[in-house]
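Just so you know, all these numbers are worked out from the coordinates, no wet-lab data involved. All values derive from a computational prediction rather than experimental measurement. Here the Cβ is made from the backbone with ideal geometry for all residues, glycine too, and neighbour counts use every protein chain on show.
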Amino acid sequence: MQIPSRRYVTLAVILALSVAASLRAADPPEKAGQGAAEKWLALVDAGKYGESWDAAASAFRKALTRAQWEEAVAKARGPFGKFETRKLLGAKLVHELPGVPPGDYVVIQYEAKFAARTATETITPMKDQDGTWRVSGYYIK
């Protein structure tokens, strides 16, 4: 049996690392959308409502002002009390939703536990105009 030369072993290692890196870079849209949703939700959970508006998709920011968002989210989440934990229920890639232009959207649902009660949160990240996933919708029930 012939032992491979050091050059071939090094080449094989470099090739394996390159393939692994490209697989990580090609996350499915659901995973990319979920990452964007969780970063955005961290702002909302911390009461940084204005910052969450700043980090939202362009369509979200066009639909309502920063002040309108701050008021609406405070009113919507107020009855639930302080955020405690969140569990992913599901995420689905869709290309069409009612009332919005066609595009890449991920509809994500979480079960969220708050001090006063449990809620279902629906967060919809979209692939924004610059190709970055950002939250375009939030609903809590």
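Structure notes:
- For the stretch 67-114, the alpha-carbon coordinates run over 35, 29, 12 Å along the three principal axes, in decreasing order.
- Residue-count net charge about Asp104 - beta-carbon cut-off 15 Å; Lys, Arg +1, Asp, Glu -1: -1
- Normalised convex hull volume, the stretch 28-140, alpha-carbon set, Å³ per residue: 92
- Only the Cβ atoms of Lys and Arg (+1) and of Asp and Glu (-1) were treated as charged; on that basis the dipole of the stretch 28-140 about its Cα centre amounts to roughly 260 debye.
- Computed over the stretch 89-141, the ratio Rg/Rh where both radii use C-alpha atoms and Rh is Kirkwood: 1.05
- The GluC sites (Glu not before Pro) found in the stretch 33-141 that occupy coil by DSSP, while having at most 12 further C-beta atoms within 10 Å, are Glu96.
- 10 Å beta-carbon shell around Ala119, net charge (K/R +1, D/E -1): +3
- Pairs spanning more than 23 Å between alpha-carbon atoms, out of Lys31/Lys62; Lys48/Lys113; Lys39/Lys87: Lys31/Lys62.
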